[in-house]
1. Basic (Lys, Arg), away from the ligand (no atom under 11 Å from the Cβ) and more than 30 Å from the chain's Cα centre (by Cα): which single residue out of Lys228, Lys195 fits that description?
2. Hey, Thr263 hits all of (1) touching a Leu at 6+ places or on another chain (Cβ under 8 Å); (2) farther than 19 Å from Ser321 by Cα but one; which does it fall short on?
3. Take Phe254 and decide whether it is within 13 Å of the ligand (Cβ to nearest atom), within 19 Å of Ala219 (Cβ to Cβ) and under 37 Å from the mean Cα position of the chain (by Cα).
4. Starting from residues that are among the β-branched types (Val, Ile, Thr) and surrounded by 20 or more Cβ atoms within 10 Å (Cβ to Cβ), keep the ones in segment 165-187 and report whichever is nearest to the ligand (Cβ to nearest atom).
5. Any idea which of Ala145, Ala129 is surrounded by fewer than 18 Cβ atoms within 10 Å (Cβ to Cβ), modelled with pLDDT of 95 or more, among the small types (Gly, Ala, Ser) and over 22 Å from Phe208 (Cα atoms)?
6. Which residues, counting only those in segment 210-221, are more than 14 Å from the ligand (Cβ to nearest atom) and either farther than 14 Å from Ala129 by Cβ or touching a Leu at 6+ places or on another chain (Cβ under 9 Å) (or both)?
7. Quick one: how many residues across segment 287-331 are surrounded by 22 or more Cβ atoms within 10 Å (Cβ to Cβ) and at positive phi?
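The values are calculated or read from the model by the stated rules, or taken from the named source; none is laboratory data. For clarity, every value in this text was computed on a predicted model and none was experimentally measured. With ideal geometry, Cβ positions are generated from the backbone for all residues, glycine too; neighbour counts draw on all protein chains shown.
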Amino acid sequence: MSELAAMLAALRERFSAAAGAAKGERDLDEVRVAYLGRNGEVTTIRRGIGSLPVDERPSAGKQINDAVDAMEALLAQRRGALESSEVEAELAQRIDVTFPAIPASVGSIHPVRRVIEDACAYFERHGFAVVLGPEVEPDFYNFDALNIPSEHPAREGFDSFWIDDTLLLRPHTSPMQIRTMQLHRPPIAIVAPGKCYRRDAVDARHLFQFHQIEGLLVAEGIHFGHLKGMLTGLCRTLFGVHQRVRFRPSFFPFTEPSAEVDTTCPKCGGTGVCGMCGGSGWIELGGAGMVHPNVLRDVGYDPEVVTGWAFGFGAERIALSRYEVDDVRRFIDSDPDFLEQLA
Ligand code: DAH
C-alpha cells in the first residue's frame with residue numbers, strides 16, 4: 001500500500017470514530033470542519049500532491065477525492081441517524097399515548113338562552129312560529145306603527161340609542177308584530193325573541209343590552225281569556241306547575257286594555273318572605289294586552305273582524321328569578337364556572 005493510501009485509510013478510521021462519537025448536529029459539524037473544512041486535514045493532504053512526481057499526481061488526486069466522497073457519505077448517514085434519534089427521544093419524552101386525556105370543556109347553554117328556548121318551545125307546541133328580526137329598526141316600526149306617533153310621551157319611556165334621525169337600536173321586540181302582520185294575513189301566531197337596547201345605567205337589575213320575548217296572536221274571536229291561559233301555561237312551563245299569574249291594569253299605546261303581568265315568586269312560592277321579590281311574593285315579567293284597533297287597522301287588518309293579544313317579557317328578568325341570581329350582570333360576566341352551575 002502506498003504511503004498516501006495508508007495515510008487516507010488512517011484518516012478515514014479516525015474520522016469515522018469521531019463522527020460515530022458525535023452526540024448531535026453541532027458535534028457532527030465540528031468533525032466535518034476539522035476533516036473536510038477549508039483548513040481541515042484533507043486540505044493539508046491535498047497540498048502534499050504538489051510535491052509528488054507529475055505522473056503520480058492524478059492517481060493521488062483520485063484517491064483523495066474517493067476518500068472525501070466516502071467521508072461525506074458517512075457524514076450524511078450519521079446526520080440522518082442523529083436527526084431521527086433526536087425526534088424519537090423527544091417523542092418518548094413528551095407523548096405517552098396511553099395517558100388518559102384531560103376532558104375538554106364543552107361549555108353550557110346560557111341561562112338566558114335556556115329561558116328563550118324553553119319559552120319558544122312552549123309556544124311552538126301550541127302552533128306558534130318563531131320569527132327573528134333586525135336589531136336596527138326605523139322609528140316607524142319601533143313607534144309609529146305601534147300607535148306611538150312622534151310627539152307621543154310614551155316615546156320617552158324608551159330611552160333609545162339613535163343611529164340617525166329615524167334609525168335606532170330597537171328598545172323592544174314589538175316591531176316584530178308589525179313586520180309579521182305586514183307580511184301575512186291573519187290568523188297570525190308568532191313568538192319573536194331577541195336582543196333589545198336602552199340607554200339604561202347598568203346595575204343589578206338593568207343592562208343596556210337585554211332580551212325580550214314577544215308574542216302575538218291575531219285571529220277571529222280572540223279575547224283576553226286566551227291571553228291569560230297562554231301566559232299562565234308559559235309561567236308553569238318556565239317555573240313549575242303551581243305558578244299563579246296576576247294581571248295588573250296598565251297602559252301601552254299599542255294595546256287596549258293593557259296589563260303588567262306578574263307571576264308568583266318561585267323562591268318563596270308567593271308568600272313574600274324572601275328578598276328576591278322584595279317581599280311582595282310576585283315577580284314582574286313584562287307587559288301584555290289586546291292589540292289596539294289602530295295597530296290592526298294600520299297593517300290593513302279589519303279590527304271589526306279580527307282581534308289579537310300580544311305580550312313582551314324580559315328574558316333576563318325571568319332568568320334572574322328562575323335561577324335565583326341576585327345580579328343581572330352575572331349573566332354577562334362570561335364566568336364559565338358560574339354559568340355551568342346554573343345549567
Ligand atoms: N314592548 C313593551 C315594552 O318593552 C312590552 C309590551 C307590552 C309588549 C305590551 C307587548 C305588549 O307586546 O302587548 O315595554
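1. Values: Lys195 fails: more than 30 Å from the chain's Cα centre (by Cα).
Result: Lys228 is the single residue among Lys228, Lys195 that is basic (Lys, Arg), away from the ligand (no atom under 11 Å from the Cβ) and more than 30 Å from the chain's Cα centre (by Cα).
2. Going through the list (1) touching a Leu at 6+ places or on another chain (Cβ under 8 Å); (2) farther than 19 Å from Ser321 by Cα, Thr263 breaks only (2).
3. Numbers: within 13 Å of the ligand (Cβ to nearest atom): yes; within 19 Å of Ala219 (Cβ to Cβ): yes; under 37 Å from the mean Cα position of the chain (by Cα): yes.
Yes, satisfied.
4. Within segment 165-187, the first condition is being among the β-branched types (Val, Ile, Thr), and the residues that meet it are 166, 173, 178, 180.
If we keep only those that are surrounded by 20 or more Cβ atoms within 10 Å (Cβ to Cβ) as well, we get 173, 178, 180.
Numbers: Thr173: 7, Ile178: 11, Thr180: 12 Å.
Filtering segment 165-187 for residues that are among the β-branched types (Val, Ile, Thr) and surrounded by 20 or more Cβ atoms within 10 Å (Cβ to Cβ), the one nearest to the ligand (Cβ to nearest atom) comes out as Thr173.
5. Details: Ala145 fails: surrounded by fewer than 18 Cβ atoms within 10 Å (Cβ to Cβ).
Exactly one residue qualifies, and that residue is Ala129.
6. Here is the first cut: in segment 210-221, the ones more than 14 Å from the ligand (Cβ to nearest atom) are 219-221.
The answer is Glu220, Gly221.
7. Residues meeting the conditions: 1.
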